[in-house]
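Please treat every number below as a calculation from the coordinates, not as lab data. Note that the structure is predicted; figures quoted are calculated from it, not measured. All Cβ positions, glycine included, derive from the backbone under ideal geometry; neighbour counts span all protein chains shown.
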Amino acid sequence: MSYSGSVRKEGSKWYYVIEQGKDSNGKRKQKKKRGFKTQKEAKAALTKALHELNTGTYIEPSSQKLGEYLIQWLDFKKTSVAESTYKTYYYNLRTHILPELENITLANLKPMHIQQFYAKLLNEKHLNHNTVRKVHTMLVNALERAVKFDMVLKNAAKLVDPPKESKSEMEVWDVDEVLTFLETAKESHLYMVYLIAINTGMRQGEILGLSWEGVNLDDGVIYVKQTLSNDGKTLKATTKTAAGMRTVAIPDELIAELKRHKLEQKKHRLRVGSLYTDMNLVNATEVGTPINPSNLRRNFKIFIKKAGVKNIRFHDLRHTHATLLLKQGVHPKIVSERLGHADTRMTLDRYSHLLPNMQKETAKRFGELLFGQKDQSHISDQNEIKETLEAYVTNW
């Protein structure tokens, strides 16, 4: 069937009418769309609609409200994303999106609505750019499914530029701070947690979820297979990225400490007896259960203060590990693999602030090689750093 139509004026506005033949009862069928400011706009919209109808690409605009659709979408996503991701989606939906966009229909959602929404989050609610970017990612994901299911023709969120990513200045420890903290933290029952974090760059949940099955002391490697949830209640397979399930080599000094720790843990388990819940965790409470992440963070702050070193987050031990490796000249691909990044670009982007200095050092060494410069002072400095780190950082 070939469709035809016309444009008409109603008051100060224009609209179009498309003739769609007759229904089963012989009643005339028409499709109308109103609200055009000019005849030209109405004709352009009519031409587009007729083309889509005649080529079979027309999508009937959905009258479903955006809020209702997003709630359904979130329920669908619950089974396919990590618990922490779901909680972030839920919070952003309830706190930011629904109060502003809930009653707009999918059919009427325009890029301008979303752009104004982002501006309000930034300028009135004073959210940081990275939070708004997360909201943007969520909307793009949700509306892409609406496109896939022929509920809308275009993804309005994809047509909007998200705020630029704001990179907070990374806080890391230098070698002296690492050594000072570790020496002080030896008296902590969580010393092994800190030692593993600094030596491997593993995430907090990965360290707290590490079982002895994932530690091969003979080969000197840790298999990152499971993680502890943020609330400290659930152990689950590592699912952050495919690269998340990885093998991390560890230095001889950490192997020796792990052997000592394992022996002490066995002795403690015998003393506690039936009160001990053996979950085979490398790092556990006095009764064998997982360490609560909030208790770890509290202990970390206590020993930072005792050591008198710069105040950083526990997660910054991961950045410290990567930074020390890169400063030693370890290839970014190796660092990326140790951290479990999806690809090397993530590593380079995160630690790009180190590259200018590394470039200068490379140029200096090349100049010495090519032109025979005699200044060798930096070599002794590098050797001193390397020797100091041997006990704490894997030397590739």
Once you place label points 7 Å from the Cα toward the Cβ at T137 and E253, how far apart are they in nm? 3.5 nm
Write down the radius of gyration of segment 4-55 and its Dmax, each obtained from C-alpha positions, in Å. 11.8, 35
Taking Cα atoms, the helix 111-123 axis meets the longest principal axis of the chain at an angle in degrees (rounded to 10) of 40 degrees
Based on a Kirkwood Rh over C-alpha pairs, give the Stokes-Einstein translational diffusion coefficient of segment 1-123 at 25 °C and viscosity 0.890 mPa s in µm²/s. 140 µm²/s
Name the most mobile residue of A49, A307, A185, meaning the one with the largest mean-square fluctuation, in a Gaussian network model of the chain with Cα contacts below 10 Å. A49
Label zone at K262 (point 7 Å along Cα-to-Cβ), backbone N below 11 Å, segment 209-223: 212-221
Residues K9 and R297, FRET efficiency given R0 of 45 Å [Cβ-Cβ distance, rounded to 0.05]: 0.10
Hey, if you put +1 on the Cβ of every Lys and Arg and -1 on every Asp and Glu Cβ in segment 4-55, which of G11, A44, T55 ends up farthest toward the positive end of that dipole? G11
For helix 66-77, report the angle its Cα long axis makes with the longest principal axis of the Cα atoms of the chain; keep it between 0 and 90° and round to the nearest 10°. 40 degrees
Expressed in nanometres to one decimal, the distance between label points 7 Å along Cα→Cβ at K305 and M112 is 5.5 nm
Helical contribution to [θ] at 222 nm, DSSP H n ≥ 4, -39,500 (n - 2.57), averaged over the chain, rounded to 500: -15500 deg cm²/dmol
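Can you order the peptides 320-329, 195-204 by their average number of other Cβ atoms within 10 Å per residue, highest first?
Listed from highest to lowest mean packing, they are 195-204, 320-329.
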Can you tell me the dipole magnitude for the chain around its Cα centre, using point charges on the Cβ only (Lys, Arg +1; Asp, Glu -1), in Debye to the nearest 20? 2600 debye
Taking a crude spin-label model, label points 7 Å out from Cα along the C-beta direction, the H126 to D150 distance in nm is 4.9 nm
Hey, what angle do you get for helix 355-371 against the long axis of the chain, alpha-carbon based, 0 to 90 degrees rounded to 10? 60 degrees
